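K.L.:
I have a structure I would like to understand better, so I am pasting it below and will then ask my questions one at a time.
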Amino acid sequence: MGIFKGKKTEETKVKTIGVLTSGGDAPGMNAAVRAVVRTAVHAGCKVIGIRRGYSGLLEEDFTEMTTRSVADIIQRGGTILYTARCAEMMRPEGPEKAAYICRKNGIEALVVIGGDGSYRGAYEISKHGINVVAIPGTIDLDVASSDYTIGFDTALNTAMEAIDRVRDTSASHERCSIIEVMGRKAGHIALWCGIANGAEEILVPERYDYEEQAIIDRIAERKKLGKKLHIIINAEGVGDSNGMAKRIEAATGLETRATIIGYIQRGGSPTCRDRVFASAMGARAVEPIWTSPRRLR
Ligand code: F6P
């Protein structure tokens, strides 16, 4: 979790907090929102739900949340608060305006649920005097300060099952399959699925050296030994799966297909692990806001 301290103010408890989800949605975001709202309301805070992430904050798209507004969402994928990528927050005036809007609406602290870009936004807003607690929510597992990000486990399991299915048809047709998974510039989903799905090759942006000839040689070698099924898990950060499939087919004579799994990895009901982590992080995020004075310690 990220705690970004705003300006030092007088020693009274925070009464109103805002909560938003930002960037790519991730299964478990709803569970985190639920935990934030219920913990905060229980502590006597008023909770403002901010729709569509930072875009909604800048447009003052607010809704007051109660324990009832987060009923029946722990099991749901996506985010009931909606989400967006906000270009305005990348400009210097964006975070300043966001802090001004928080003050104008009596929002004394913010809880931001999102990934890398959302964390940067949270930090920038805090520079303008608003305390922000950030909860890591992204399927990519690419938030530097956290070992875990909400949504990663669900996305992994969804991708793993999809790859098993591609494997079945690939085996029947004696093909080579390149399966591309999400992850932006990070190869975590590819690495985990590559191991869990027993892939012959795993390409991750952190390690891949673009020596495609070496991959072709290994496939040709395995083919000679009688191997009929070849699974390559390719990370989005490496990309070019279709091009790669054409080149491998041309070089090895082996029918090769590319499958880009895409957005199904971001949807679906969160796994137990994602629900539990999201609930724990959501509750924990509120603690430093209400248990301490306005200045986060
Ligand atoms: O951050 C989650 C993620 O799904 C990445 O894996 C991917 O690169 C990106 O979001 C896609 O973003 P968008 O929804 O804007 O296409």
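K.L.:
Using amide H atoms built in the peptide plane, which far-off residues or other-chain residues are under 5 Å from Ile260 H to H?
P.N.:
Under 5 Å from the amide H of Ile260 lie the amide H atoms of Glu180, each far enough along the sequence or on another chain.
K.L.:
Need the C-alpha centroid separation for the stretch 97-164 versus the stretch 219-268, integer Å.
P.N.:
33 Å
K.L.:
Still on this structure, I have one more. Which log10 I(q)/I(0) values, to two decimals, does the chain give at q = 0.07, 0.09, 0.10 Å⁻¹ under the Debye formula with one point per Cα?
P.N.:
So the normalised log intensities work out to -0.32, -0.50, -0.58.
K.L.:
Also, I was wondering about something else. Does a label point 7 Å from the Cα of Met160, set along Cα-to-beta-carbon, have any residues of the stretch 274-290 with amide nitrogen under 14 Å, and which are they?
P.N.:
The answer is 274, whose backbone nitrogens lie closer than 14 Å to the label point.
K.L.:
Report, to the nearest 10°, how far helix 212-224 tilts away from the longest principal axis of the Cα atoms in the chain, using its own Cα long axis and a range of 0 to 90°.
P.N.:
Approximately 50 degrees, to the nearest ten.
K.L.:
Using per-residue counts of other Cβ atoms within 10 Å, averaged over each peptide, order 56-62, 107-113, 14-20, 238-244 from highest down.
P.N.:
The packing order, highest mean first, is 107-113, 14-20, 56-62, 238-244.
K.L.:
Report, ordered by chain and residue number, the aspartates and glutamates lying within cross-link reach of Lys97, taken as a straight Cα distance under 20 Å and ignoring same-chain residues fewer than 8 apart.
P.N.:
Glu59, Glu60, Asp61, Glu88, Glu108, Glu124
K.L.:
Around Arg222, under 14 Å between beta carbons, what's the net of Lys plus Arg minus Asp minus Glu among the other residues?
P.N.:
+1
K.L.:
If packing is taken as the average number of other Cβ atoms within 10 Å across a peptide's residues, how do 130-138, 84-92, 43-51 rank, most packed first? Show your work: numbers first, answer last.
P.N.:
Details: 130-138: 28.9, 84-92: 15.7, 43-51: 20.2.
In decreasing order of mean packing, 130-138, 84-92, 43-51 become 130-138, 43-51, 84-92.
K.L.:
Can I ask one more? Tell me, what is the FRET efficiency for Lys227 and Ile260 to the nearest 0.05, using R0 = 22 angstrom and their Cβ-Cβ distance as r?
P.N.:
For Lys227 and Ile260, the calculated efficiency is 0.35.
Bear in mind these aren't lab numbers, they're just calculated from the coordinates by the rules spelled out. No experiment lies behind these values; they were computed from the predicted model shown. Note that each Cβ is placed from the backbone with ideal geometry, even for glycine, and that neighbours are counted across all protein chains shown.
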